[in-house]
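J.: One structure coming up, written as structure tokens, with questions to follow.
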Amino acid sequence: MENAEILRFHFHTDEPPREVPAFVIPYVDITYLIEGELHYFMNDAPITLHAGEAIVFPVGAKRERPASTARATFASLNLSIPKDADFPLCGVIKNAVDSDCVFFLKRLYECYRTESAKRSQKCEALLSYLYHRLTEVAMGGGNPYINRVKQMILDDPSARYTLAKIAGLVHISPQYLCAIFKKHEGCRLFEYIERKRIDHAKKLILCYNIPLSKIAQQAGFGDYFSFAHAFKKHEGITAMQFKKGVPYKNALITK
């Protein structure tokens, strides 16, 4: 979500949600519900949000939330996006909140509240990761074998994958898996895995102060040199430059 700006970010932990009066919003509002239940009106239509779900109010939507005495844990983001940006999300998105999502919401909240030289870059990368993950959930469907393979890789990008192992886990032949993956994703399976490993490495760099050699290992690369080559190929800068906050054109974690 390039050039998006966080206007407000609130992380509410085990507290009764306050009233939000009816208002036509000039920004995008995304709320992730971690625990409890929330009640909304979107364009005057009632909506009940359950734990594990997210709700997206696009620019121009009428949003309202009545007060409640029931406690809830949730994160709410107000985002300013460019007028010409493609933003397809709207309404309730089920199965949007898991432990990985909560972890990165908390990281983004910490980053948002911290003044540092790398704050903008880190917030942008974390927000992009959350947005693309939410988009993948919302736009679910497509080929069920490809969905299972992509979810497997997303859950553990650093695992030691072989074509035979992946095909066996989804119960199709390796040849068929290669053919349908290229058809649906526009790239080869192991190109996709490498891309996800680089994304995972970028998140580790942003979140932890550990040596790049260990990040290479934790991201699933056999050695540092293959990691360094792949990072430069995909990002256009070195991993060390990324760690130091050097600006570059491919600044977002990819979908």
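J.: Can you give the local net charge around ALA45? Use residues other than it whose beta-carbon is closer than 14 angstrom to its beta-carbon, Lys and Arg +1, Asp and Glu -1.
T.: Working: positive: LYS62, ARG63, ARG65; negative: ASP44, GLU64.
It works out to a net charge of +1.
J.: Computed FRET efficiency, Cβ-Cβ of TYR176 and ASP223, R0 22 Å: what is it to the nearest 0.05?
T.: Values: r = 32 Å, r/R0 = 1.43.
The pair TYR176/ASP223 has a calculated efficiency of 0.10.
J.: Enter the angle in degrees (range 0 to 90, nearest 10) between the Cα long axis of helix 144-155 and the first principal axis of the Cα atoms of the chain, meaning the one along which they spread out most.
T.: Compared with the principal axis, the helix lies near 90 degrees.
J.: Using the charge dipole of region 5-137 (Lys, Arg: +1 at Cβ; Asp, Glu: -1 at Cβ; taken about the Cα centre), state which of PHE104, PRO21, LEU49 has its Cα farthest towards the positive end.
T.: Sorting the options by dipole projection puts first PHE104.
J.: Treat every Asp and Glu Cβ in the chain as -1 and every Lys and Arg Cβ as +1, leave all other atoms uncharged, and give the resulting dipole magnitude about the Cα centre to the nearest 20 debye.
T.: Values: 34 positive and 27 negative charges, 200 e Å.
Using only the charged Cβ atoms, the result is roughly 960 debye.
J.: Continuing with this model, one more query. For region 100-193, compute Rh as the Kirkwood radius over C-alpha pairs and then the Stokes-Einstein diffusion coefficient at 37 °C and 0.692 mPa s; write the answer in µm²/s, rounded to an integer. Mind dumping the intermediate values first?
T.: Values: Rh = 15.2 Å.
My calculation gives 216 µm²/s for D.
J.: Something else: Taking N as the number of residues in region 109-157, what is its alpha-carbon radius of gyration divided by 2.2 N^0.38 Å?
T.: Values: Rg = 14.7 Å, N = 49, 2.2 N^0.38 = 9.7 Å.
Region 109-157 yields a ratio of 1.52.
J.: On to the next question. What length, rounded to one decimal in nm, is gained on full extension from PHE41 through to ASP100, with 0.36 nm per residue of separation minus their alpha-carbon distance? Spell out each step's value before the answer.
T.: Numbers: separation 59, 0.36 × 59 = 21.24 nm, distance 2.82 nm.
Once the chain is fully extended between PHE41 and ASP100, it gains 18.4 nm.
J.: Would you work out the relative contact order for region 145-213, in percent, from Cα pairs under 8 angstrom that are 6 or more residues apart?
T.: On the way: 30 pairs, mean separation 21.2, N = 69.
That works out to 31 percent.
J.: Convert 4 °C to kelvin, take the viscosity as 1.567 mPa s, use the Kirkwood radius over C-alpha pairs of region 141-243 as Rh, and evaluate the Stokes-Einstein diffusion coefficient in µm²/s, rounded to a whole number. Write down the numbers at each step before the final one.
T.: On the way: Rh = 14.3 Å.
Rounded to a whole number, D works out at 90 µm²/s.
J.: Here is a follow-up. What are the extents of the Cα atoms of region 1-110 along their three principal axes, listed from largest to smallest and rounded to whole Å?
T.: Between the extreme Cα coordinates on each principal axis of region 1-110 lie 39, 33, 22 Å.
J.: So, one more: Kindly state, as a whole number, the per residue volume in cubic angstrom of the convex hull around the alpha carbon atoms of the chain.
T.: Working: hull volume 35.0 nm³, N = 255.
Hull volume over Cα atoms, normalised by residue count, gives 137 Å³.
J.: Would you work out which of LEU33, HIS171, ILE215 lies farthest towards the positive end of the dipole of the chain? Charges go on Cβ: Lys and Arg +1, Asp and Glu -1.
T.: With unit charges placed on the Cβ atoms, the residue in question is ILE215.
J.: Follow-up question, since we're still on this one. Please list the non-local residues whose amide H lies under 5 Å from the amide H of LEU7, H modeled 1.01 Å from N, same-chain partners needing a gap of 5 or more.
T.: Close amide H contacts, sequence-distant or interchain: ASN78, LEU79, SER80.
J.: HN-Hα J couplings of region 53-61 from phi, Karplus 6.51/-1.76/1.60, θ = phi - 60°, integer Hz, Gly and Pro as x?
T.: Residue by residue, region 53-61 yields 10, 10, 10, 10, 9, x, 4, x, 7 Hz.
J.: Rounded to the nearest whole Å³, what is the per residue volume of the convex hull around the Cα atoms of region 39-160?
T.: So the per-residue hull volume is 155 Å³.
J.: With N residues in region 65-127, what two-decimal value do you get for its Cα radius of gyration over 2.2 N^0.38 Å?
T.: Numbers: Rg = 14.5 Å, N = 63, 2.2 N^0.38 = 10.6 Å.
That ratio works out to 1.36.
J.: A follow-up question, please. How high is the relative contact order of region 5-137, in percent, with contacts defined as C-alpha pairs under 8 Å that are six or more residues apart?
T.: On the way: 271 pairs, mean separation 39.3, N = 133.
After rounding, I find 30 percent.
J.: Let me ask something else about it. To the nearest 10 degrees, how steeply does helix 189-207 sit against the main Cα axis of the chain, on a 0 to 90 scale?
T.: Approximately 60 degrees, to the nearest 10.
J.: Measure nothing but the geometry: give the 0 to 90° angle between the long axis through the Cα atoms of 174-185 and the longest principal axis through the Cα atoms of the chain, rounded to 10°.
T.: Value to nearest ten degrees: 50.
J.: Once you have the Cα-Cα distance between HIS132 and GLU110, take 0.36 nm times their residue separation minus that, and quote the gain in nm to one decimal. Before the final figure, lay out the partial values.
T.: Working: separation 22, 0.36 × 22 = 7.92 nm, distance 1.99 nm.
Length gained between HIS132 and GLU110: 5.9 nm.
J.: Separate question: Which whole-Hz couplings ³J(HN,Hα) result when phi for each residue of region 35-48 is put into the Karplus expression 6.51 cos²θ - 1.76 cosθ + 1.60, θ = phi - 60°, listed in order with x for Gly and Pro?
T.: Coupling constants for region 35-48: 9, x, 8, 10, 10, 10, 10, 10, 6, 6, 8, x, 9, 10 Hz.
J.: Who wins for biggest fluctuation among GLY52, GLY220, GLY91 in a Gaussian network model of the chain, springs between alpha carbons below 10 Å?
T.: Result for the chain, Cα springs under 10 Å: GLY91 fluctuates most.
Every number in this text was worked out from the coordinates using simple rules, so none of it is lab data. Remember, predicted model here, so these are calculated numbers, not experimental data. Cβ coordinates were reconstructed from backbone atoms using ideal geometry, including for glycine residues, and neighbour counts include every protein chain displayed.
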